[in-house]
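Just so it is clear, none of the values below were taken in a lab; they were calculated from the coordinates. Note that the structure is predicted; figures quoted are calculated from it, not measured. When we count neighbours, we look across all protein chains shown, and the Cβ atoms used for this are built from the backbone with ideal geometry, even at glycine.
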Amino acid sequence: MKKLLISVIAALFVISIAFTASAGQYDKITIATEGAFAPWNFTDSSGQLDGFEIELAKDLCKRMGVEYKMVPQAWDGIIPSLQAGKYDAIMAAMSITEKRKNAVLFSRYYAATPSIFIVLKNNGFDDLKTDVDAITLDQVSPEEEAAMSVLSDTFGGKTIGVQAATIQERFLQQYLGKSVEIKSYDTQENLELDLQSGRIDAALGAMSYWVPRLNDEKGKDFNMVGPGMTKGPFGEGVGVAVRQSDTELAAMFSKAINEAIADGTLSKLAIKWFTFDASAKE
Amino acid sequence: MKFDVMKESFPQLIGGVPETLLLVIFSLCIGFILAVIFAQLRLSKNRFWSWFAGSYIYIFRSTPLLVQIYLIYYGSGQFRIFLQELGLWTFFREAWFCAIMALSLNTGAYTAEIIRGGIQSVSWGEIEAGKAIGMKPLTLFRRIIFPVAIRQALPGYGNEIILIVKSSSLASTITILEITGIAKKIIAATYAPIEVFIIAGSLYLVMNFIVTRIIEFTEHKLNPQFYR
């Protein structure tokens, strides 16, 4: 018993030294992910992290020539923990927004995905139609304006669920905050449970999450409706987030991403995980 | 320290105080009624009722409140059709109802044990005296057992009230925007957890300070002989 205790303490000591050694130099980094946002990042049945970003991290770190470790971290609190130094980078389907840029530094974007409303089938929203399939919120045309008002008319007075601290939550607060009731969830799974049970009338989420989901057995009761929305509060695509002082690390990630785009690795990974090419192009 | 964030978040967090208080007050009232009933059943000579109350207390004291909240909220969502047939879904649909239900059942179990302890501490002599002058069981309970028992149980119950004030923060996990829920929301926008949680924590501190004062005052009132 005593021996065991001593070896445990020794092991902890070694681990803590390893952690302190990794700070400062970039030859050994820790990357955080949520582990609950399939297919970007998720935890498989054996408890292992898997997904698009897990494979991408492996590829990028190989290109950068650094050793890395991936750790799961709850989404709400993922940025404060980065600032507190618990890890060195975040790869968790985090969109690059003006607001987040005040807190962290981003690499170039590696993927982009529109946001879209999801509803339960046969729940009164199936024939929601707009004249446009896509809305770019930084430059809104008259047709897009019309589509937006269709959305706010359809969902006015309804309850819309969204994951907390996401670009989708921000969009709802900014654009529909006055007319709809917003319910915020800690994870996509809990959001989905409440969409299924009818506690919320619709959910707003990332297309990259929902397209594979709807093709799956678990998503058979759901439907995507309305146009896919990008830009504005939805940001400029998904990037790697690092602390603001780590400019060199961000540059290393950007360079590795550029290489992965050039040799086609990124697009191959995106098609494998999302079933459509959500990867960054040029 | 971002003091401007603290200053801005203060009024927003104050806005969550009524929600927290409502959760606490509703749960404590319902829980107390449950507790009085279950304490009686627990002490009943009927073995079935005693076992029934014992299992309720055992289950709700031995599982985490967070798990109870999740089970009631997300668990009920899986049985929507069944609950709809019973006409109960309108209640279970609301996160509020589920949170109050979980908190009430939880505090009910703890309080039942506190009250049971109080009742058992009433001395035989007092009960015999009551019986001797011909009090009926209900009168005996109302006039003798309950007042003495509550005096014994009050310090323990005060503890329980404080625990429920703090436990109400778990309601934020099922989309309720009470103090902790609002705090999480502000942190998501400002990335300043320390500043916001300091304010949120102080609000709980103030609420529990008032609670402890009220309990102390009541203890004085009920036991005047000790505080002359």
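Tell me whether the stretch B:207-225 contains one or more residues that are surrounded by 12 or more Cβ atoms within 10 Å (Cβ to Cβ) and at positive phi.
No: zero hits.
Pairs under 6 Å by beta carbon, first residue touching a residue at least 60 places away in the same chain (Cβ under 8 Å) in the stretch B:194-223, partner outside any helix (DSSP H, G or I) and not acidic (D, E), six or more apart or different chains?
What qualifies is B:E195/B:K2.
Report whether or not A:F222 is of a type in the set (A, V, I, L, M, F, W, C) and within 18 Å of the chain's Cα centre (by Cα).
It is false that A:F222 is of a type in the set (A, V, I, L, M, F, W, C) and within 18 Å of the chain's Cα centre (by Cα).
Go through the stretch A:174-185 and report how many residues are surrounded by 16 or more Cβ atoms within 10 Å (Cβ to Cβ) and not in a loop (DSSP other than H, G, I, E, B).
Total satisfying the criteria: 6.
Does A:K121 fit the bill of being of a type in the set (K, R), within 27 Å of A:T136 (Cα to Cα) and more than 14 Å from chain B (Cβ to nearest Cβ)?
Criteria met by A:K121.
So in the stretch A:235-270, with the set limited to residues that are part of a strand (DSSP E or B) and in contact with a helix residue (DSSP H, G or I) (Cβ under 7 Å, 6 or more places away or on another chain), which one is surrounded by the most Cβ atoms within 10 Å (Cβ to Cβ)?
A:V240
Of the residues that make up the stretch B:173-185, is at least one polar (S, T, N, Q), in contact with a Lys or Arg (Cβ under 6 Å, 6 or more places away or on another chain) and within 30 Å of A:I167 (Cβ to Cβ)?
Yes: one or more hits.
When you look at A:A203, is it within 30 Å of A:I29 (Cβ to Cβ), outside any helix (DSSP H, G or I) and within 14 Å of chain B (Cβ to nearest Cβ), yes or no?
Judged against the criteria, A:A203 is not a match.
Please verify whether the stretch B:104-111 includes one or more residues that are surrounded by fewer than 20 Cβ atoms within 10 Å (Cβ to Cβ) and either more than 18 Å from the chain's Cα centre (by Cα) or over 24 Å from B:G54 (Cα atoms) (or both).
No: zero hits.
Go through (1) crowded, with 21+ Cβ neighbours inside 10 Å; (2) part of a helix (DSSP H, G or I) one by one and return the number of the condition A:E189 breaks.
Condition not satisfied by A:E189: (1).
What is the residue count in the stretch A:140-197 for residues that are within 21 Å of A:G77 (Cα to Cα) and away from chain B (no Cβ under 11 Å)?
Residues meeting the conditions: 5.
For the stretch B:38-92, which fully contained helices (runs of 4 or more DSSP H) count at least 1 residues that are farther than 19 Å from B:L163 by Cα and within 12 Å of another protein chain (Cβ to nearest Cβ)?
Here the list reads B:65-78, B:80-85, B:89-92.
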